[in-house]
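K.L.:
Quick one: this structure, given as structure tokens, is what I'll be asking you about.
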Amino acid sequence: MQALKITSLTKHFERKLALNNISLQIQTGEIVALIGPSGSGKSTLLRHLAGLQISDKNTETKIVVNDELVQKNGKLSRSVRKTRSNIGVIFQQFNLINRLDVITNVLIGGLGTIPHWRGTMGLFNKAEKAQALAALNRVGLSEIAAQRASTLSGGQQQRVAIARSLMQRATIILADEPIASLDPNSARVVMQSLHDLQKHDGKTVIVTLHQVEYARKYCDRVVGLVDGNIVFDDKVEALTNDVIEKIYGSEKSENVIDMNQGGVTTDYLNSNLTASATN
């Protein structure tokens, strides 16, 4: 079953071509890495999937997510808000509300499933709070539920953002450079969390990455972009050094990292990443 389908996506920013007639299909339950040098179109592609940007007008572009139309020919679908409720978006900048505690930030993920007046007043019931705690437990952070978001490390904030997507009950997770600003240990924990959402929950995960070794370790499939064009789309086993050279060229050495650097493992996380009440 297809989780999403992109047909003939073209996008210009003024006169600069960002995406060039992109067509792509991703199956339900896949974890896919979008890789490529800076300016290749990875983040722009992801934002189109989420309905946060629209393609060039007067094109044949069509984007469908979970059999629901997101946009067509440069126009958003009238039902895009409903479709977005099933898409969890995780940003590089975390997008938490720093003055609120951790559990409230997670509860915000469920606003689309409760009456508007309760969401506006921040009134959450016991069952919703239990669900939020279960989501935090999935990413190993239930013990800091009452802590202000502003006091967390970057890695912790990103894991809270993942828990928020769990609270949202999104079936598709779009993660835009989620580990770009993290140290290697925190990056491994975040990528392990995303990998286990796919493995244990059957969620579809699309993640943009610069560090290709994380794509090799945690993803099933890799899509490589250069100058707005897809130049590689295959199983991760086909991502050879020659392919990386083709995608990155002179940037290659900056994007192939040693996965063994650092000393903290994520074994503790695995004990929490079993099927939970958040399903």
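K.L.:
So, in region 118-160, how many residues would count as being on the phi > 0 side of the Ramachandran plot and surrounded by 12 or more Cβ atoms within 10 Å (Cβ to Cβ)?
P.N.:
1
K.L.:
With the requirement that a residue be over 13 Å from Val89 (Cβ atoms) and of a type in the set (D, E, K, R), what does region 150-182 give you?
P.N.:
Across region 150-182, the qualifying residues are Arg159, Arg169.
K.L.:
Hey, among Val223, Val207, Val212, which residue is modelled with pLDDT of 95 or more, of a type in the set (Val, Ile, Thr), within 24 Å of Ala3 (Cβ to Cβ) and over 14 Å from the mean Cα position of the chain (by Cα)?
P.N.:
Within the list Val223, Val207, Val212, the selection yields Val223.
K.L.:
Quick one: which residue in Asp196, Asp176, Asp201 is within 11 Å of the chain's Cα centre (by Cα) and either touching a residue at least 40 places away in the same chain (Cβ under 8 Å) or surrounded by 24 or more Cβ atoms within 10 Å (Cβ to Cβ) (or both)?
P.N.:
Asp176
K.L.:
While we're here: Return yes when Ser79 is of a type in the set (Gly, Ala, Ser), surrounded by fewer than 20 Cβ atoms within 10 Å (Cβ to Cβ) and within 25 Å of Lys235 (Cα to Cα) and no when it is not.
P.N.:
no
Here is a yes/no grid of residues against (1) out of contact with any helix residue (DSSP H, G or I) (no Cβ under 7 Å at 6 or more places or on another chain); (2) more than 29 Å from Gln158 (Cα to Cα); (3) crowded, with 23+ Cβ neighbours inside 10 Å; (4) not aliphatic (A, V, I, L, M):
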| site | (1), (2), (3), (4) |
| --- | --- |
| Ile26 | yes, no, no, no |
| Leu45 | yes, no, yes, no |
| Lys57 | yes, yes, no, yes |
| Gln92 | yes, no, no, yes |
| Leu100 | no, no, no, no |
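K.L.:
If you don't mind, another one. Does region 4-17 hold any residues that are under 20 Å from the mean Cα position of the chain (by Cα) and either buried (at least 21 other Cβ atoms within 10 Å of the Cβ) or closer than 14 Å to Gly74 by Cβ (or both), and which are they?
P.N.:
Within region 4-17, Leu4, Ile6, Leu9 meet the criteria.
K.L.:
Of the residues that make up region 167-179, is at least one assigned to a helix (DSSP H, G or I), over 22 Å from Leu9 (Cβ atoms) and polar (S, T, N, Q)?
P.N.:
Within region 167-179, one or more residues are assigned to a helix (DSSP H, G or I), over 22 Å from Leu9 (Cβ atoms) and polar (S, T, N, Q).
K.L.:
Applying the selection to region 131-168, what residues are touching a residue at least 40 places away in the same chain (Cβ under 8 Å), closer than 22 Å to Gly202 by Cα and more than 14 Å from the chain's Cα centre (by Cα)?
P.N.:
Once the filter is applied, which keeps residues that are touching a residue at least 40 places away in the same chain (Cβ under 8 Å), closer than 22 Å to Gly202 by Cα and more than 14 Å from the chain's Cα centre (by Cα), region 131-168 yields Gln131, Ala134, Ala135, Asn137, Arg138, Val139, Gly140, Met167.
K.L.:
Taking region 222-236 on its own, how many of its residues are closer than 22 Å to Leu197 by Cβ and either part of a helix (DSSP H, G or I) or touching a helix residue (DSSP H, G or I) at 6+ places or on another chain (Cβ under 6 Å) (or both)?
P.N.:
So the answer is 2.
The values are calculated or read from the model by the stated rules, or taken from the named source; none is laboratory data. The structure presented is a predicted model; accordingly, all values stated were derived computationally and were not measured. Counting neighbours? That spans all protein chains shown, and the Cβs are built from the backbone with ideal geometry, glycine included.
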